[in-house]
Amino acid sequence: MSINVTRSSMPSFEEYCEEIKELWDSHWLTNMGAKHKQLQSELENYLNTPHAILYTNGHLALENVIAAMDLPKGGEVITTPFTFASTTHAIVRNGLVPVFCDVNDVDYTIDVNKIEELITDKTVAIVPVHVYGNLCDVDAIKSIADKYSLKVIYDAAHAFGVSYNGVNAANFGDASMFSFHATKVFNTIEGGAITFSDDALVQLLNDMKNFGIRGQEEVAYIGGNAKMNEFQAAMGICNLRHIDEEIAKRRAVVERYRSRLSGIKGIKLCPEQEGVKSNYSYFPVIFDGYKYTRDEIFSMLAQEGITARKYFYPLTNSFDCYKDFPTAGAEKTPVAQFLANRVLTLPLFADLSLDDVDRICNVILK
Ligand SMILES: *Cc1c(COP(=O)(O)O)cnc(C)c1O
């Protein structure tokens, strides 16, 4: 039996059908209908945040919230290359220049000791990424941002349900972007949200995702379209009912991986962060000086029908599309480059059986 790297969480067929039944009565399929409103308020509640604006996907949410900060064109944004394409693309598609900061080799988030040396008089914002369910050093980032008056927008795509000393990840920086893509811990098929506390952003983000339309005869802003539809919202309402259970199952999978793979020479696991309640979204393993290389392990697993993922590889600062950017170049971020060449994220989803985890570990350890 093959094992994929992930498998989307879904409610039962009956539960989803029950949830979407009303749509056949209302014939209201999108444009901030009843399901959208319900999910928005449930998420504000779950994430314990004053505002959540829902989007059709996480990427457009990130593009919009960066635009909403009204940063001067050509401004420099400090970010990391150890991320998904979306983070860097969202910065560049806003006419801003990504300046790549290295990550630390403990939790693989932005190295807060290397941020200040990258700040120039053109720096306007920091876009840090919470990776794998680990959180960035939000306190250090806040003090740097305050000192230099920089905006902070978190890519929190991996951090749904994560909290730090009891504070949900939705509440750090000026805003956070969550992705509800099918492969994420919480999904709405495709989807995303921006969370923030500044009341003034509510109207602006709503304008941005719905053509600036405020009433039948009032168009007040040159916005685009990035609305979450009712079927997406219904999936979210169902999945949110089971989220704590899903995270608990992921945790059991991760604990099994840890018990099998800890303490083995050449295999490095990411330590759990102090004070952080994780969502166990990914299980990264670094192969450094192990009897097999990362690429060999990847192939050995593939031969057994097991898909792992080189994630994140390649780094965004080595993408072809950025080769002419003066700030690009993986050699400028050596820790990220080291990790990208050695990391594999192993299959992880709520319904992965512990027997399958053992099968995966047996291949790696043979
Ligand atoms: C998934 C992801 C995104 C983009 O989210 P979509 O909902 O797929 O558009 C952005 N950043 C990171 C780190 C991600 O993992």
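The values are calculated or read from the model by the stated rules, or taken from the named source; none is laboratory data. What you are looking at is a predicted structure, and each value in this text was computed from that prediction instead of being measured. So basically every Cβ, Gly included, is an ideal-geometry build from the backbone, and we count neighbours across all protein chains shown. Each accessible area value is taken on the protein alone, full model and side chains, heavy atoms only, with ligands, DNA and RNA left out. Shrake-Rupley method; radii C 1.70, N 1.55, O 1.52, S 1.80 Å.
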*Subset of the range 76-117 that is over 21 Å from Ser318 (Cα atoms) and more than 16 Å from the ligand (Cβ to nearest atom) - its residue that is surrounded by the fewest Cβ atoms within 10 Å (Cβ to Cβ)*: Glu117
*In this structure, is Ala350 farther than 26 Å from Pro128 by Cα and within 18 Å of the chain's Cα centre (by Cα)?*
yes
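Would you please name the residue that is farthest from Ile267 (Cα to Cα), looking only at residues in the range 307-331 that are part of a helix (DSSP H, G or I) and open to solvent by less than 60 Å² (accessible area, probe 1.4 Å)?
So the first thing to find is which residues in the range 307-331 are part of a helix (DSSP H, G or I), and the list is 316-318, 320-322, 330-331.
Then drop every residue that is not open to solvent by less than 60 Å² (accessible area, probe 1.4 Å), which leaves 316-318, 322, 330.
Values: Thr316: 25, Asn317: 26, Ser318: 25, Tyr322: 32, Ala330: 23 Å.
Checked the range 307-331; the qualifying residue farthest from Ile267 (Cα to Cα) is Tyr322.
Right, Asn187: surrounded by fewer than 20 Cβ atoms within 10 Å (Cβ to Cβ) and in the same structural domain as Val124 (by TED's automatic domain parsing) or not?
Working: surrounded by fewer than 20 Cβ atoms within 10 Å (Cβ to Cβ): no; in the same structural domain as Val124 (by TED's automatic domain parsing): yes.
No.
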*asked:* Taking the criterion of being open to solvent by less than 50 Å² (accessible area, probe 1.4 Å) and within 16 Å of the ligand (Cβ to nearest atom), would at least one residue in the range 16-31 satisfy it?
replied: no
*Looking only at the range 258-279, count how many residues are in contact (Cβ under 8 Å) with a residue 24 or more places away in the chain and under 22 Å from the mean Cα position of the chain (by Cα).*
8
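From the list Asn225, Asn229, which one is open to solvent by less than 80 Å² (accessible area, probe 1.4 Å), within 20 Å of Asn57 (Cα to Cα) and touching a residue at least 12 places away in the same chain (Cβ under 8 Å)? Can you show your working first?
Numbers: Asn225 fails: open to solvent by less than 80 Å² (accessible area, probe 1.4 Å).
Just one listed residue meets the conditions, Asn229.
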_Residues (crowded, with 24+ Cβ neighbours inside 10 Å and more than 10 Å from the ligand (Cβ to nearest atom)) located in the range 174-184_ = Ala175, Ser176
*In the range 41-58, the residues that are in contact with a strand residue (DSSP E or B) (Cβ under 7 Å, 6 or more places away or on another chain) and open to solvent by 20 Å² or more (accessible area, probe 1.4 Å)*: Glu44, Asn48, His51, Asn57
*Please go through the range 332-365 and pick out each residue that is without any contact (Cβ under 8 Å) to a residue 12 or more places away in the chain and either open to solvent by 60 Å² or more (accessible area, probe 1.4 Å) or closer than 21 Å to Val103 by Cα (or both).*
Asp355, Asn362
*Got at least one residue in the range 141-154 being within 11 Å of the ligand (Cβ to nearest atom) and either hydrophobic (A, V, I, L, M, F, W, C) or open to solvent by less than 10 Å² (accessible area, probe 1.4 Å) (or both)?*
yes
*Does the range 196-213 include one or more residues that are closer than 13 Å to Tyr55 by Cβ, open to solvent by 10 Å² or more (accessible area, probe 1.4 Å) and away from the ligand (no atom under 16 Å from the Cβ)?*
yes
